[in-house]
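Before any comments, here is the structure.
Just so it is clear, none of the values below were taken in a lab; they were calculated from the coordinates. Nothing here was measured: the structure is a model prediction, and the numbers come from that model. Please note: Cβ atoms are built from the backbone with ideal geometry, for glycine as well, and neighbour counts cover all protein chains shown.
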Amino acid sequence: MNSRAVTSEELVKWLPEVCHIAYLAGQHISTLYHQSKRLDVEDKTDGSPVTEADKQADKMITMALQALVSTIPLITEESVADVPFESRQAWSTYWLVDPLDGTKEFIGRTGEYSVNIALIVDHQPVLGVVYGPEIGSLYFSIKGQKAFKLSGLTAGLSHHQWLSILEKAPSIQVNSLQDKHSVKQQDRVSKGLDGHVGEKIKVAISRRHGGVLQRFTAQLGEVSLIKMGSALKTCLVAEGKVDIYPRFGPTSLWDTAASHCILESAGGALLNAAGHPLQYVQTKSLLNPFFIAVCDKNYPWPHFPEVF
């Protein structure tokens with residue numbers, strides 16, 4: 001089970017079903033989000049919040065993925081404590097799920113939360129689905145193929161309607177910085193230019209960011225900041241609405257895997273401080289290093305810290 005091979009035919013077959021699983025879980029979360037009674041908030045051992053919406057979505061997705069493919073193990077943010085490292089350290093193929101990414105956004109009523117589902121094979125995400133119920137957008141891709149986005153999704157879609165809509169989803173692609181920024185930052189002073197060439201670099205940030213991020217963005221010159229929550233920030237890079245999403249705070253593997261797959265399929269990259277793509281290796285903590293999600297890995301992005 002831990003070394004199960006996955007074929008391209010299986011990925012193509014599973015992707016619509018995984019999209020539908022994310023949609024159903026997201027719609028359930030949205031129902032709880034809009035109910036008049038506020039959900040109780042608990043603190044997990046790491047200090048992060050969890051609500052009944054997280055738990056119920058976790059159960060829904062877990063049951064659905066196990067019904068879809070019973071031979072692939074699964075890790076979710078809410079159930080990882082029940083899967084000892086000794087049991088999962090040899091897994092090379094597994095589902096990696098954040099049933100409600102952006103619990104703070106859910107609690108804070110910004111609507112900027114998402115459902116993230118990824119399939120990992122040999123430390124890389126090969127299938128990714130990110131659904132933002134409140135913004136009505138679903139992003140999805142298979143590694144090596146195009147990335148797609150469905151917009152304006154509403155509640156109550158039947159399975160037949162879902163498959164029909166999914167087939168019509170348009171593909172998405174990252175921005176090209178070569179067109180927008182033909183002169184590098186270091187050339188501007190020597191050539192007497194006025195601070196920027198072309199449009200400003202668009203930067204996706206969370207609503208909670210610190211000094212490290214401010215120092216990083218200052219090195220980009222004059223920028224345009226776009227606030228967004230959860231994995232939706234990386235998806236904004238994938239669809240060309242922003243150029244970079246820098247993350248210099250703690251994240252876990254389930255926060256990035258699905259959107260990582262989507263971003264790479266759209267022509268972008270999710271890189272650590274050494275300029276290498278993130279790897280999804282089983283560790284005890286399952287924490288990511290600092291990273292940047294970018295539209296162009298070859299652009300001279302500023303250096304950033306390697307460790308917390």
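Here is how the numbers come out for the structure above:
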quantity	calculated
Highest average packing first - 253-260, 218-225, Cβ atoms within 10 Å	253-260, 218-225
Relative contact order computed over the chain (Cα-Cα under 8 Å; 6+ residues apart), in percent	17
Peptides 276-289, 80-93 ordered by average Cβ neighbours within 10 Å, highest first	276-289, 80-93
Overall form of segment 127-170 per C-alpha gyration tensor (a/c, 1.5; a/b vs b/c)	oblate
Packing-based order for 102-114, 144-156, using average beta carbon neighbours within 10 Å, highest first	102-114, 144-156
Helical mean residue ellipticity (222 nm; -39500 (n - 2.57) per DSSP H run of 4+; nearest 500) of the chain	-9500 deg cm²/dmol
For the chain, Kirkwood radius (reciprocal of mean inverse C-alpha pair distance, Å)	19.8
Extension gain (nm, one decimal) between I165 and Q89, 0.36 nm per residue minus Cα-Cα	23.5 nm
Span from the segment 1-44 Cα centroid across to the segment 136-182 one, whole angstrom	17
Distance in nm between pseudo-label sites at S285 and S151 (7 Å out along the Cβ direction from Cα)	3.9
Contour minus Cα-Cα distance for T110 and S36 (0.36 nm per residue)	25.1 nm
Charge dipole magnitude, Cβ of K and R +1, D and E -1 - the chain, Cα centre, debye nearest 20	660
Alpha-carbon gyration tensor eigenvalues x 5, square-rooted, for segment 98-181, Å	22, 19, 17
Two-site FRET efficiency, K297 against A273, from Cβ-Cβ distance with R₀ of 22 Å, rounded to 0.05	0.95
Percent of alpha-carbon pairs separated by more than 23 Å within segment 1-140	34
Segment K241-A5, length gained on full extension (0.36 nm per residue, minus Cα span)	81.4 nm
Of the DSSP H helices in the chain, those whose Cα atoms cover at least 27 Å axially and whose Kyte score averages -0.5 or more	8-34
Distance between modelled label sites at K59 and S224, nm, 7 Å Cα→Cβ extension	4.5
